[in-house]
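Please treat every number below as a calculation from the coordinates, not as lab data. All values reported here derive from a predicted model rather than from experimental measurement. Positions of Cβ are backbone-derived with ideal geometry, glycine not excepted, and every protein chain shown enters the neighbour counts.
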Amino acid sequence: MFRKPNPSSGVPIYVQLKEQVRHAIETGALCAGDQLPGIRSLAETLVINPNTVIKVYRELEQEGLLEIRHGLGAFILSRHRRAKTEGMRDAQQLVRELVETLKDEGLDEGAIRRLFEAELAGELQRR
Amino acid sequence: MTAVIETESLKKTYGKHEAVRGLNLCVEAGSVCAFLGQNGAGKSSTIKMLLGMIHPTSGTGRVLGHRIDKESESLLIRQNVAFVAEDKRLYDYMTVAQIVRFTKSFFPGWKRDLEQRLLAQFELPLDRKVRQLSKGMRTKLTLLLGFARGCELLILDEPTEGLDPVAIEDVLQIVVSLAAQGTTVFFSSHQIAEVEQVADHVLMIDRGQLVLDAPMDQVKEEYRHIHAVFPEPVEERDLRLPGVEKVQTEGRTVSLTASHNVDSIVAHVRMLRARSVDVLPVSLKEIFLEKVRARG
C-alpha cells in the first residue's frame, strides 16, 4: 500500500511516510478500524529504519488519526472519534490559556483548582 | 536511553600520524547509526579500537559496558558483538557449508532460520570453496556469518562494498529487520544514499575528528542552503551568525549553509535588504562534501 520514500530528497523520511498515511485515509484506501502494517513488517517492506515507522505512528496517534492498541497494532480511528480527540485538544488549549491568565492575575495553583471545583460543583447543583 | 558504544577523547597515533584525534562517540541502544568519512578519515581505526583489536594511544571507551582498553574486558566485547570487517577475511580452504557450521559452533544465540533464509536469498553454493567465491559472494557470506550470530550489537565496516544494487537492498533490509528486533547497528559507509535510507543517526568524521553528530531527521529538517541577492555587495562578516556553517559571496549573491537557526538567519538577511531570498534543502551528500572540504 505504501511506496518507498525517497531518502535523498530534503524531506525527512518520516514526513514522507506520514503524508502517505494521511493520503491513504483521505482517499479512502484506509478506513476506520483498518489495521496498519506492523512496525517490523513495514520497515522491512519499505527498507527504512523501524524507529522512523514508530515515529510516524506516534505522531499520527497524537494527531488523532490512529490509535495504538498495545500488543495489537495501530488502527485508523473513525472520523467521529477523531473529531472527539480534536475537540479535547482544543478544550485543553482553552484550559491552558485560562490557567495562564489566572496565574498572571496572581492566583496560585490551589486557588485555581478550588475555583474550577467550585464551578463544577455549582453546575451540578443547578441541574 | 542507554549507550551501547561510548568513547572519551579516544586517540590513536601511528608514529607521527594521528589517525584518530580525540573522539567522543555515543551510540544509543536500538539505533542504526551510520559512521561516515573519507578513506583514511579514521573509521577503521576507530572500529578496531572499539573491538579491542588495537589499543588506543590515549582515551578510553565502553562497548556494551565493557572497557575497550582492558584485555580481559575487550574479549567479552568480541564475544558479544557481531563484526563484519572491511577486508571480509575468511578461511579460504573451507566450503560455504563448512564455514557456516564452524562459525555457528562459537555462538549459542545463532539464528538458524536467518542463516537458512540468507543462504537461499544470497544464492550461496554450499559446497563451493570460499577461495572460489566471487567478491560479491564473499561479502554476502561474511555478512551472513555476522547477521546470524544473534548479537545485540552489530558493527559493520563498509558492509555493502562490492555488492550489486539488488544485494545492497537485501542487506539493508536485513539491517532494518534486525534493528526492528532490537539489535543496535553501527556501520561505516561511503554510500550516502543507503545511509540516508536506513540510519536514524549520523556520525561524520574527518581527519580523526567528529564533524557531525546528529539524528538523521534533524539533519534533514534543520540544514538549509540560503541564497540571497543584495542590491550591493555585502561583507562576509555581516553574515557570521549562529547556525551559519559556511558563507560564499560572489558579488551581490550570497549563499549560506546553515545547520540550524534558519528563521533568524533569513530574518537577518532580509534586514540587510536582500532583494530575493531562497531557502533550499540540503542533501546529506552536500553536507558531507562541505564538512570534508571546509577543513581542507
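Taking the Cα centre as origin and putting +1 on Lys and Arg beta-carbons and -1 on Asp and Glu beta-carbons, what dipole magnitude results for the stretch A:13-77, to the nearest 20 debye?
Values: 6 positive and 8 negative charges, 36 e Å.
Taking the Cα centre of the stretch A:13-77 as origin, the dipole is about 180 debye.
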Roughly how many whole Å is it from the C-alpha centroid of the stretch B:1-65 to that of the stretch B:201-239? 24 Å
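What FRET efficiency, computed as 1/(1 + (r/R0)^6) with R0 = 41 Å and r the Cβ-Cβ distance, is obtained for B:S105 and A:R22, rounded to the nearest 0.05?
Step by step, r from the Cβ atoms, then E = 0.20.
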Pick out which of B:E286, B:E235, B:E18 has the largest mean-square fluctuation in a Gaussian network model of chain B, springs linking Cα atoms closer than 10 Å. B:E235
To the nearest 20 debye, the stretch B:177-227 has a Cα-centred charge dipole, built from +1 on Lys and Arg Cβ and -1 on Asp and Glu Cβ, of 120 debye
By the C-alpha gyration tensor axes a ≥ b ≥ c (rounded if a/c is under 1.5, else prolate when a/b exceeds b/c, else oblate), the shape of the stretch B:223-294 is prolate
Distance (nanometres) between label positions extended 7 Å along Cα→Cβ at B:A29 and B:D127: 4.6 nm
Tilt, helix B:112-121 to longest principal axis of chain B (alpha-carbon atoms), in degrees rounded to tens, equals 70 degrees
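Could you pull out the trypsin sites (Lys or Arg not before Pro) across the stretch B:204-250 that fall in loop regions by DSSP (anything but H, G, I, E, B) with no more than 13 other Cβ atoms inside 10 Å?
Working: sites: B:R207, B:K220, B:R224, B:R237, B:R240, B:K246; in loops: B:R207, B:R240.
Sparse-neighbourhood loop trypsin sites (Lys or Arg not before Pro): B:R240.
List the pairs from B:K12/B:K246; B:K16/B:K48; A:K55/B:K285; B:K16/B:K140 whose alpha-carbon separation is above 27 Å, in the order I gave them.
Details: B:K12/B:K246 30 Å; B:K16/B:K48 19 Å; A:K55/B:K285 24 Å; B:K16/B:K140 37 Å.
Listed pairs above 27 Å: B:K12/B:K246; B:K16/B:K140.
Mind running the shape call on the stretch A:81-126? Use the C-alpha gyration tensor, a ≥ b ≥ c as the square roots of the eigenvalues: rounded below 1.5 for a/c, prolate if a/b tops b/c, oblate otherwise. Intermediate results must be reported in sequence, preceding the final value.
Numbers: a/c = 3.61, a/b = 1.31, b/c = 2.75.
Judged from the Cα gyration tensor, the stretch A:81-126 comes out oblate (a/c at least 1.5, b/c at or above a/b).
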When the dipole is taken about the Cα centre of the protein assembly as shown, and only Lys, Arg (+1) and Asp, Glu (-1) are charged at their Cβ, what size is it in debye, to the nearest 20? 1260 debye
Which of B:V130, B:V84, B:V32 fluctuates most in a GNM of chain B (C-alpha springs under 10 Å)? That residue is B:V130
Let a ≥ b ≥ c be the square roots of the eigenvalues of the Cα gyration tensor of the stretch B:99-193; is it rounded (a/c under 1.5), or, if not, prolate (a/b larger than b/c) or oblate? oblate
Pick from A:L94, A:L17, A:L36: which residue has the top mean-square fluctuation in a GNM of chain A where Cα pairs under 10 Å get a spring? A:L94
Place a point 7 Å from Cα of A:V11 in the direction of its Cβ. Which residues in the stretch A:41-58 have their backbone N less than 16 Å from it? A:56
If you plug each phi of the stretch B:85-100 into the Karplus form 6.51 cos²θ - 1.76 cosθ + 1.60 with θ = phi - 60°, what whole-Hz ³J(HN,Hα) values come out, in order, with x for Gly and Pro? 6, 4, 7, 6, 6, 9, 6, 5, 7, 8, 8, 4, 4, 5, 5, 5
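Please give the FRET efficiency for B:D92 paired with B:S264, using the beta carbon to beta carbon distance and R0 = 51 Å, rounded to the nearest 0.05.
Working: r = 60 Å, r/R0 = 1.17.
Efficiency for this residue pair is about 0.30.
Provide the net charge surrounding B:N24, with neighbours chosen by a C-beta distance below 12 Å and charges set as Lys +1, Arg +1, Asp -1, Glu -1.
Numbers: positive: B:K11, B:R21; negative: B:E6, B:E8, B:D213.
For residues surrounding B:N24, the net value is -1.
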Tell me the net charge near B:F83. Cut-off is 10 Å between Cβ atoms, B:F83 excluded, with +1 for each Lys or Arg and -1 for each Asp or Glu. +2
Say the dipole of chain B comes from +1 at the beta carbon of Lys and Arg and -1 at that of Asp and Glu; which of B:P233, B:A180, B:Y91 then lies farthest toward its positive end? B:Y91
Degrees, to the nearest 10: B:135-147 long Cα axis against longest axis of chain B: 80 degrees
Candidate cut points under GluC sites (Glu not before Pro) in the stretch A:1-97, DSSP loop plus at most 16 other Cβ atoms within 10 Å of their own Cβ, are A:E63
By how many degrees, 0 to 90 and rounded to 10, does the Cα axis of helix B:284-294 deviate from the longest principal axis of chain B? 70 degrees
What is the fewest-to-most order of B:M94, A:M88 by other Cβ atoms lying within 10 Å of their Cβ? A:M88, B:M94
